[in-house]
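The values are calculated or read from the model by the stated rules, or taken from the named source; none is laboratory data. Computed from a prediction, not measured in an experiment: that's the story for all the values here. Cβ placement follows ideal geometry from the backbone for every residue including glycine, while neighbour counts extend to all protein chains displayed.
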C-alpha cells in the first residue's frame, strides 16, 4: 500500500429543534426606548453561539431600527422573563421567536399612536433602520421622533411575547409521538488522507450542507457548522476520556487530546433554507445538528482510503495501523487460498 | 499547585552551584519551568511545596550558543526557539529545526530549554534523539571546595533510564556541546495523537550526508525516541548504509532492522510498525535536504523512488 | 507566607508589588494587577489562554513563575491597543466572527499578534503553526484564520483598512452578516467571566472529593478544618435545609454526597476560606471514614443480576429505557435480501470548554440567595435550589455569567448548591473556580454508547427493517441520561423512511464519571452507527453511498420512526447540495480512494507537514527584495 492514501466519505443526519417530546416555551419583553433604541429582556443568553446578535437582528428587523440600537437585558431569574435553558438547539427558535412576538407587540402599540398622529391606518405603518413611514404617503420621521410622540401621547411602547413549541410525549410502549414540530436535515462529505506508516488521519476537506430554516446570520451559522465539525472530528479521531476503575487517566489537556489549528480541514458550508411554517420567523437551528454527521463521514472516508472500517471511536493512529495489519493478513490469506 | 518559600535567581555559575549546595533538602532547580509547573498539579504530583526554587536561566555562563571549529556549544539556558529562528544554528545543526518545530508550541519553545529537556530524561523527549545524531556531550558543573569544576560525558551515557541521569547531587548541566553538521540534510519524524503540542509516541531524528557525486551515503546518523526506556542510535542501520549506493532498496533493507530495537512497555506492536517507516522517511527527508557537492538535489528523492 | 518584591513594567506602566515566591505570572497579573484578560484554561501550558508577551516573546503565563519575570516588560491583551481602541487584528476578529464564547480569544489574539509580529507575510500554513499552542473549542478555527489573514493584509498594505472596517450595507437585518455585538469585549479581554469577578469580603471555596468509586460514608469530621485560621466554614450534606437532590430529569444527586459516594471525584465537603491556599490546606484536615463497596464500571456488567446496586430505586441499574416499535421488524427482515448486523461503539467525550466551571454566590440585602455562574439552565437551577435550601422561589436568584463554552456541560447544577450553602452559612460572598483537572474528572461526559444495529435491505438498496439496541453508560447519576436515551431512540435510524423499526435505548448507572448533556444529546452516537451501516450496505449491494441514501431518505410527508407525519422534509435537498458542492464522484465504497478523480480539489487544504516557516522564510526574503 502507498504510504499516503486518500479517500472520501459521506454521512447524512437529522435532528429536532428545541426540547424533546414536551411542550417548550420561552418569554421576552421589549420596550421601544428613547432615541429610537430598544430594550429586549429575556431569561437566557449567549453561550458563545451568537444568540445576542441574532436577537438584536430580530428585534431590529421587527422594530425597524438598527441592531446596534438594541440593548439586551438578559440572564437573570429575578429580572427577566423565563426563557428556560440554553441548549437543545432552541435559542434561535424559542427565544428568537419570543423576541419577534414581543417586538411585534411593542410595534403594534407604537404604530397605533403614530397612525393616529398621522391620521393613517396602523397597518400602513412601516419602519426600517431607524426610520418610520406610512406606506403610500410622504409621511416619514425618525424612530427617535416617533418614540417621543408616542410617549407625549402617554404611551410607553412595550410588548411581551411568549413562544410555544408543541412537542408531545412518547408512548411508553411503542414510542409513538411527535417529539418536535421542526426538524432539520444535514449531510457532510469528508476528504481524508491516511498515513499508512503512522496510521495518522488528516481531514483535508469537509463539505457541510445543512437545512437551518430561515437564516438570521449566515456567518454565525457557518461558525456553528465549523465548530461542530471540529468537535465531531475530535471525537472521530482523538478525543477519549478514559477511566481505570473509575479513576480518570486523562486528567488534563496533555492527555485529553483536542484538535488544534493544525488538525482541522478546510470547511465549506452550504446553507439550505427550508423555512419553518409553524413559527413567526421561519428559522430553525444549527447548534447541535452540525456535528452529527461528521464522525461517520470521516470514518467512511477512512474506509474509502484504506479499505479498513473502524467501528469504535476514536479512530486513533494505533487503531488504524492495527486494522491495516489485520487487513494485510486477511488479504494475504485470501490470496494464498486463491 | 507549586509553592515555595524562596525563589532564587543566581547570576553566575558559582552562585548557582552555591545556591544548589546550600538550599534546603527538597529544593528544585528550574530552567524554563515548563515541566515543573504542570508536574505540581492534580493527576501528577498534586500540590507541592518546595523550600526553594533555583532558577538558573539568568546564569551568565548558561547564555547563548557558540559555533566554532566544527562544534556547537549550547548554554543550559538556551530555549528551543533559536533552533528554528537562528539561521546559523539551522545550518550548523540541520536536524534541530525539524525537531524544534515538533516540540510543543511557539510559546513553550520560548521558555523551555534544550538542557532542561535532556535533564528530565523523559524517554519521549524530542531533543534527545536529535542531539544523539549530533554526537552531543553534556558539560556538568560542580563545586570543588570554592572552585567550579567541570566534567563532560557523552549524552548517550548521561541518560541512564526514564527520568534517570548521571547528574550527581550538587551538579548542574552547564551546556550541551555537539558536532556541527554543515552539509548534512536533517530530518525529524514524529507521531503523537495530533500534530501540535503533543507528546511523541515515536520519533526519529536523522542526519544524512551524501558522497561528492551524490550517489552514495557518505554518512548516515539515525536515532529514535519513544520506543524504549532511553533514546538510542541505530548503529547497525547506519553501518549498513554508510558507503552504500543510494537506493530505495538499500534504505528499506536497512530499515528492516529497526523494529527489533523497540523495547517499550506499552503499545509495542504500534511502535514496531511505525519505526521502520520512520527510519525510511528520516533518511529520505534528510536526503532531500542534504546539500550535495554537485547540484543533484531535485533528483535525489526521485533516485530513491526509481 | 514569605514574600518577595517584584518590579516589572506591564503595558507601559511600572509596577512594584510584593509577590508570593511561588506565584505564577498569571496569578500576579490577574490577582495583583486585576488584568483578567489572560485566562486560566488549563494551568498546564496546554491551551494558550494565558499567553502574554514577556520582553517581546510570547509565553504561557501559567508556566512562568512571577519571579522569573522580575525586571521584565510585560504586554497583555489589555495593552495591545490604546484604551478603548482595538488593533487591526482585534477588529479583524470582530469582522470575521472569529470569537464565539470568547474565552480562548484573548490568548488567540496574543498568539496571532505574535505570529504577525514575527512574520508580517506569514501564509496560512505558518499562521496555523503559530497558533498551534492555542486551543479553541467553539469556532473550528476557520474564522480565526480568516481574521489573521485579513489583518495581515491590511497591516502589510496589501489591502486597504476599509477591508476590515467597512461592512456591506444591509437591506434587511435578518439574513445579514451583522457583526457579533459581544465581540469587542471578547477580543479586548475586557469581558469578565465568573472566575474573573471578585466582591469585597469574598471567600474562596475548595471542594473535598471522593477518592472512591463506590463507598459508604461512615463519618465526616470537619472540626479540625473549621479550626484552621482563615477558614470561615465547611459545608457538608448536613447543611442542606431542604430536599437535597438535583438532576435534569430525575433529582438523584445530592449537593454533596450523603450516605455514600458513587464516583471518584464526587463532592463530599467544601471549605470557604479567606484565600485559596488556606482552603486547599483545610481540605486535608477533613476526616472522612469510608467503607468501600463493590463497584461496577461497565454498563453490561451493571445490568446483570447481582451487580452492585448504585441507587436504591433503580433495579438492574437502569436509569431509563426508551422503546420504539413501528411496523413489524420480523416481517421486514423476512422480506430482506441482505441483512447486515454490526456493533458500534463511541467513547466518553469531555466538553472541554476553555472556561472551567466557576461561580460566585452571595446573600443580598433582601436575603435573596444569589448565584452567579455560567449556567446553561438558570431557570431549572433556581427551581431546584429553592427546594434544596427550602426558600421561596423569589428568594433564590440565578444570574448567568458570560459562558466560556457550554456544549451541554454547564446544564448540570453540580457546584452552585455548595456555593449557596456556604454563602448562607457565612453571609459573605463565596467564589469557586474549578481547576482544569477538577473540571475533567468530576463533570459530565458524552454518553459512551454500544450500539448493535441490524438492518435488512432489498437488492436494490431499499431498507425493509431496522433494529437497534443501544446501551449507554450513564455513570453514577442520572443528570440528562433519560433525555439522551429518548433523543437517541427518536433519531436512531437516521433520516430514512423505514416501515419496520424496533429500537431500544438503555441508560445504565455505573460507578463511572456521570454522563450528561453534550451537543447532540445522544443523536451522534446512534447516527454514527446508522451512517457507518449505510456505507457497509452500499458496498455489499454495489451502490454509491449517496445513491443508497437518496433511495431511503425521508421525503415530504414521511412518517418518522416515532410515527410522526412530517410535512416538508429537506433530507434530499441537503444531500444534493453536499454532493454538488463536493463535486462527488460516484462509485461503490469498497476502498476505492486510490482510483478517485475528485480528490484534492477546491475546498481542501494541503496536508500539514510542519515547518511552514522553514520553507517560507526563504520565499519572503525574495518577495521583499523584489518589492
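Do the conditions hold for residue C:515, that is, is it in the same structural domain as residue C:483 (by TED's automatic domain parsing), closer than 24 Å to residue A:89 by Cβ and modelled with pLDDT of 95 or more?
yes
Residue A:260 satisfies every condition listed in (1) within 7 Å of another protein chain (Cβ to nearest Cβ); (2) in a loop (DSSP other than H, G, I, E, B); (3) touching a helix residue (DSSP H, G or I) at 6+ places or on another chain (Cβ under 8 Å); (4) crowded, with 24+ Cβ neighbours inside 10 Å except (3). Given the criteria out of contact with any strand residue (DSSP E or B) (no Cβ under 9 Å at 6 or more places or on another chain), buried (at least 17 other Cβ atoms within 10 Å of the Cβ) and either over 30 Å from residue B:202 (Cα atoms) or at pLDDT 95 or above (or both), does residue A:128 qualify? So residue A:128 passes the test.
Surrounded by 24 or more Cβ atoms within 10 Å (Cβ to Cβ), within 14 Å of chain A (Cβ to nearest Cβ), within 23 Å of residue C:433 (Cβ to Cβ) and at pLDDT 95 or above - does that describe any residue in segment C:72-88? No; the residues of segment C:72-88 include none that is surrounded by 24 or more Cβ atoms within 10 Å (Cβ to Cβ), within 14 Å of chain A (Cβ to nearest Cβ), within 23 Å of residue C:433 (Cβ to Cβ) and at pLDDT 95 or above. Could you go through segment A:158-180 and let me know if any residue there is part of a helix (DSSP H, G or I) and away from chain B (no Cβ under 14 Å). No, there is no match, as no residue in segment A:158-180 is part of a helix (DSSP H, G or I) and away from chain B (no Cβ under 14 Å).
Conditions tested, residue by residue: (1) within 11 Å of chain C (Cβ to nearest Cβ); (2) at positive phi; (3) surrounded by fewer than 17 Cβ atoms within 10 Å (Cβ to Cβ); (4) in contact (Cβ under 8 Å) with a residue 24 or more places away in the chain.
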site	(1), (2), (3), (4)
A:76	yes, no, no, yes
A:80	yes, no, no, yes
A:91	yes, no, no, yes
A:100	yes, no, no, yes
A:111	no, no, no, no
A:139	no, no, no, no
A:146	no, no, no, yes
A:150	no, no, no, yes
A:154	no, yes, yes, no
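Could you tell me whether residue B:220 is outside any strand (DSSP E or B) and closer than 26 Å to residue B:101 by Cβ? Please lay out each step first, then the result.
Numbers: outside any strand (DSSP E or B): no; closer than 26 Å to residue B:101 by Cβ: yes.
So residue B:220 fails the test.
Which ones in segment C:126-150 are within 13 Å of chain B (Cβ to nearest Cβ) and either surrounded by 24 or more Cβ atoms within 10 Å (Cβ to Cβ) or closer than 26 Å to residue C:166 by Cβ (or both)?
C:127, C:128, C:129, C:130, C:131, C:132, C:133, C:134, C:135, C:136, C:141
Screening the candidates A:47, A:32, A:65 for the property of being over 30 Å from residue A:206 (Cβ atoms), within 12 Å of chain C (Cβ to nearest Cβ) and in contact with a strand residue (DSSP E or B) (Cβ under 9 Å, 6 or more places away or on another chain) yields one hit, A:65. For segment B:199-209, which residues satisfy the criterion of being more than 9 Å from every other protein chain (Cβ to nearest Cβ) and touching a helix residue (DSSP H, G or I) at 6+ places or on another chain (Cβ under 7 Å)? Once the filter is applied, which keeps residues that are more than 9 Å from every other protein chain (Cβ to nearest Cβ) and touching a helix residue (DSSP H, G or I) at 6+ places or on another chain (Cβ under 7 Å), segment B:199-209 yields B:203, B:204, B:205, B:206, B:207, B:208.
For residue C:96, state whether it is within 29 Å of the chain's Cα centre (by Cα) and away from every other protein chain (no Cβ under 12 Å). Against the criterion (within 29 Å of the chain's Cα centre (by Cα) and away from every other protein chain (no Cβ under 12 Å)), residue C:96 does not qualify. Among all residues of segment A:223-235, there is at least one that is within 14 Å of chain B (Cβ to nearest Cβ) and under 30 Å from residue C:213 (Cα atoms). Can you find even one residue in segment B:103-111 that is farther than 23 Å from residue B:192 by Cα and in contact with a strand residue (DSSP E or B) (Cβ under 8 Å, 6 or more places away or on another chain)? Scanning segment B:103-111 turns up no residue that is farther than 23 Å from residue B:192 by Cα and in contact with a strand residue (DSSP E or B) (Cβ under 8 Å, 6 or more places away or on another chain).
Taken together, C:264, C:268, C:234 contain a single residue that is closer than 25 Å to residue C:405 by Cα and either not assigned by TED's automatic domain parsing to the domain that holds residue C:34 or not in a loop (DSSP other than H, G, I, E, B) (or both), which is C:264.
Of all residues in segment A:236-249, which are out of contact with any helix residue (DSSP H, G or I) (no Cβ under 6 Å at 6 or more places or on another chain) and within 7 Å of another protein chain (Cβ to nearest Cβ)? Even if it seems obvious, please write down each step before you answer.
Of the residues in segment A:236-249, the ones out of contact with any helix residue (DSSP H, G or I) (no Cβ under 6 Å at 6 or more places or on another chain) are A:237-247, A:249.
Within segment A:236-249, A:238, A:239, A:240, A:241, A:243, A:245, A:246, A:247 qualify.
Evaluation of residue A:24 against the conditions (1) more than 9 Å from chain C (Cβ to nearest Cβ); (2) buried (at least 24 other Cβ atoms within 10 Å of the Cβ); (3) within 19 Å of residue A:282 (Cβ to Cβ) shows that the sole unmet condition is (2). Of all residues in segment A:310-338 being surrounded by fewer than 22 Cβ atoms within 10 Å (Cβ to Cβ) and at the interface with chain C (Cβ under 7 Å from one of its Cβ atoms), which is nearest to residue A:1 (Cα to Cα)? If we take residues in segment A:310-338 being surrounded by fewer than 22 Cβ atoms within 10 Å (Cβ to Cβ) and at the interface with chain C (Cβ under 7 Å from one of its Cβ atoms), then A:311 is nearest to residue A:1 (Cα to Cα). Take residue C:111 and tell me if it is at pLDDT 95 or above and surrounded by fewer than 24 Cβ atoms within 10 Å (Cβ to Cβ). Taking the combined requirement at face value, the residue does not satisfy it. So for segment B:183-198 (the condition being at pLDDT below 95 and touching a helix residue (DSSP H, G or I) at 6+ places or on another chain (Cβ under 7 Å)), does at least one residue qualify? No, because not a single residue in segment B:183-198 is at pLDDT below 95 and touching a helix residue (DSSP H, G or I) at 6+ places or on another chain (Cβ under 7 Å).
Restricting B:74, B:108, B:54, B:30 to residues that are in contact (Cβ under 8 Å) with a residue 24 or more places away in the chain, over 24 Å from residue B:201 (Cβ atoms) and at the interface with another protein chain (Cβ under 9 Å from one of its Cβ atoms) narrows the list to B:30.
Got at least one residue in segment C:178-189 being without any contact (Cβ under 8 Å) to a residue 40 or more places away in the chain and either surrounded by fewer than 22 Cβ atoms within 10 Å (Cβ to Cβ) or more than 31 Å from the chain's Cα centre (by Cα) (or both)?
Within segment C:178-189, one or more residues are without any contact (Cβ under 8 Å) to a residue 40 or more places away in the chain and either surrounded by fewer than 22 Cβ atoms within 10 Å (Cβ to Cβ) or more than 31 Å from the chain's Cα centre (by Cα) (or both).
Residues in segment C:577-607 that are closer than 18 Å to residue A:296 by Cα, more than 7 Å from chain A (Cβ to nearest Cβ) and not in a loop (DSSP other than H, G, I, E, B): C:579 only.
Tell me, please, whether a residue that is within 11 Å of another protein chain (Cβ to nearest Cβ), assigned to a loop (DSSP other than H, G, I, E, B), surrounded by fewer than 23 Cβ atoms within 10 Å (Cβ to Cβ) and in contact (Cβ under 8 Å) with a residue 40 or more places away in the chain can be found in segment C:42-52. No, segment C:42-52 has no match at all. Residues in segment A:207-218: is at least one over 20 Å from residue A:294 (Cβ atoms), more than 14 Å from chain B (Cβ to nearest Cβ) and part of a strand (DSSP E or B)? Yes, there is a match, as at least one residue in segment A:207-218 is over 20 Å from residue A:294 (Cβ atoms), more than 14 Å from chain B (Cβ to nearest Cβ) and part of a strand (DSSP E or B). With respect to the conditions (1) in a helix (DSSP H, G or I); (2) crowded, with 20+ Cβ neighbours inside 10 Å, residue B:15 lacks only one, and its number is (2). Residues of segment A:193-206 that are touching a helix residue (DSSP H, G or I) at 6+ places or on another chain (Cβ under 8 Å) and more than 14 Å from chain B (Cβ to nearest Cβ): A:206 alone. Only strands (runs of 3 or more DSSP E) whose full extent lies in segment C:345-426 are considered here, and the ones with at least 2 residues that are within 11 Å of another protein chain (Cβ to nearest Cβ) are C:369-373, C:396-400.
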